[in-house]
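Structure record follows, encoded as structure tokens.
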Amino acid sequence: MAIIPATAATAASNPVGDYIVVLKDGADATTFANTQVRSRRASVDKVFNHALRGYSAKMSATAAAAIARDPQVQFVQPDGVVSISAQTLPTGVNRVDAELSPTAAINGVDTRVNVDVAIIDTGIQLTHPDLNVYTAGAKNCNTGTSANDGNGHGTHVAGTVGALDNTSAVVGVAPGARLWPVRVLNNSGSGSWSQVICGIDYVTAHASEIEVANMSLGGLGADDGNCGNTNNDAMHRAICAAVAAGVTFVVAAGNNNANSSGSVPAAYDEVITVSALADFNGLPGGGAAPTCYSDVDDTFANFSNDGADVDLIAPGVCILSTWTGSGTGTISGTSMASPHVAGGAALYKAVNPAATPAAVKSALQTAGTTNWNNVDDYDGIKEKLLNVATF
């Protein structure tokens, strides 16, 4: 921002522009500004009377130079544009201690975690500037011809997994991870079992490239304990094949405040099922005021499914992440908890590339903490809270 002293330095040309006029102490900003509207043909916008005395206005360069010569004027400067340049550490990323992970290395420098994560969802905004979207790996299994996100859900999930570590927007748990957009849900957020299986089939075909897959979706069903071969569950059979090929699947527990045993893929033993924690400040201990959703800080989210099928808990209330339109958005759900764990799995796989999906699940559970309040968790099982500080 350049400050122009009270001289005629701006009179070399005469374009109309936006200026800020700062008056000397004791000057009457309102009276002076009104006078300039008449005498200099200025269009006054804002008048300042407290932090400083002055006003902003649209005027010609000649008028600005003339006003700068007035004895009541301290200086005149061109107005300018400011924007958010700082990166936000989302509360969920903070709560799982991703900023302490040596692999994530969150420091504002765009160093990317060398891992591939499939987002089986509504797609991803393919051009989002804060995401490392692997467009060559995009797959559309739903309507239309593109894996571009027309809903926002998939883009939000993708950001929690791997938003870039730079100077803008947000950062993910595994910053810069290559994100494969696998669109199985339409712009309304719905799809069929066959479309989801199409996505799983695609991920399995690329199991030599994709380490982790996130599925923040679900429907009614159950685990037969036999990879779907007993109860004729094609999606279960497909996931078992993908896991056998080496892909770690992380899924949402569901948002019905019920036992996750009645929801699939959450009920499947072969996946990592994640319930949601209500956390409003990214810190343990509770006591923070609710923000976008009414719940109690550092407790079990009041909408989350639970039960013996849940393997981990992660933040899922009022989660800030990337959104369509190249921006950010805040939403809640076990859909938001799951990608924290997918990001954790990505960090672990980045340094333990030979780890099997079962080994990844075990490592995440071992590293997890019980530093949260489960007083309102109806099943009485205190699952481990994701913590990736040592990954």
Original post:
What is the calculated FRET efficiency for L283 to R237, with r their C-beta to C-beta distance and R₀ = 35 Å, to the nearest 0.05?
Top reply: 0.25
**OP:** Evaluate E = 1/(1 + (r/R0)^6) for T369 and T145, where r is the Cβ-Cβ distance and R0 equals 56 Å; express this FRET efficiency to the nearest 0.05.
**Re:** 0.80
**OP:** Could you check the simple spin-label distance between S39 and T167, using points 7 Å along Cα→Cβ, in nm with one decimal?
**Re:** 4.2
Subject >> Within the chain, helix-based [θ] at 222 nm, where runs of 4 or more DSSP H residues each add -39,500 (n - 2.57), nearest 500 >> reply: -6500 deg cm²/dmol
**OP:** For region 91-367, calculate the relative contact order in percent as a whole number, restricting contacts to Cα pairs under 8 Å that are 6 or more residues apart.
**Re:** 22
Original post:
Using a cut-off of 30 Å between alpha-carbon atoms, which lysines can reach K46, once sequence neighbours fewer than 8 places away in the same chain are excluded?
Top reply: K24, K58
Subject >> Surrounding net charge for G333, when Lys and Arg each add one and Asp and Glu each subtract one, Cβ distance under 15 Å >> reply: -4
Subject >> Degrees separating the helix 29-39 axis from the principal Cα axis of the chain, which is the longest one >> reply: 70
Original post:
If you look at just the Cα atoms of region 66-201, how large are its Rg and its Dmax in Å?
Top reply: 20.6, 77
**OP:** Return the inverse of the average 1/r over all pairs of distinct C-alpha atoms in region 162-240, which is the Kirkwood hydrodynamic radius, in Å to one decimal.
**Re:** 14.6
Original post:
What do you get for Rg/Rh of the chain when both radii come from the Cα atoms and Rh is the Kirkwood radius?
Top reply: 1.17
Original post:
Plugging the Kirkwood radius over Cα pairs into Stokes-Einstein for region 180-305, at a temperature of 37 °C and a viscosity of 0.692 mPa s, what D comes out in µm²/s?
Top reply: 208
**OP:** Determine the gain in length on full extension of the stretch K24-S362; use 0.36 nm per residue of separation and subtract their C-alpha separation, reporting nm with one decimal.
**Re:** 114.9 nm
Subject >> Spin-label zone in region 29-58 - amide nitrogen under 13 Å from a point set 7 Å from the Cα of F75 along the C-beta vector >> reply: none
Original post:
So between Y378 and T88, what do we pick up on full extension, going 0.36 nm a residue minus the alpha carbon distance?
Top reply: 101.1 nm
Original post:
Once the dipole of region 79-166 is set up with Lys and Arg at +1 and Asp and Glu at -1 on Cβ about the Cα centre, which of A138, A158, I106 lies farthest towards its positive end?
Top reply: A138
**OP:** Mind pulling the angle between the C-alpha long axis of helix 153-162 and the longest principal axis of the chain? Nearest 10 degrees, somewhere in 0 to 90.
**Re:** 90
Subject >> Over region 4-78, equivalent-ellipsoid semi-axes from the Cα gyration tensor in Å >> reply: 18, 13, 10
**OP:** Could you calculate, for region 12-145, the ratio of the Cα radius of gyration to the Kirkwood radius, expressed as Rg to Rh?
**Re:** 1.29
Subject >> P(r) histogram, all alpha-carbon pairs of region 65-121 included - 5 Å bins from 0, percent >> reply: 4, 12, 13, 13, 12, 7, 6, 5, 6, 7, 7, 6, 2, 0
Original post:
Is any residue of region 320-363 close enough, with backbone N under 19 Å, to a label point placed 7 angstrom from the Cα of S294 along the Cα-Cβ axis, and if so, which?
Top reply: 331-333
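Taken together, the values in this text are just the output of simple stated rules run on the coordinates, not laboratory data. If you're wondering where the values come from, they're calculated on a predicted model, not measured in any experiment. All Cβ positions, glycine included, derive from the backbone under ideal geometry; neighbour counts span all protein chains shown.
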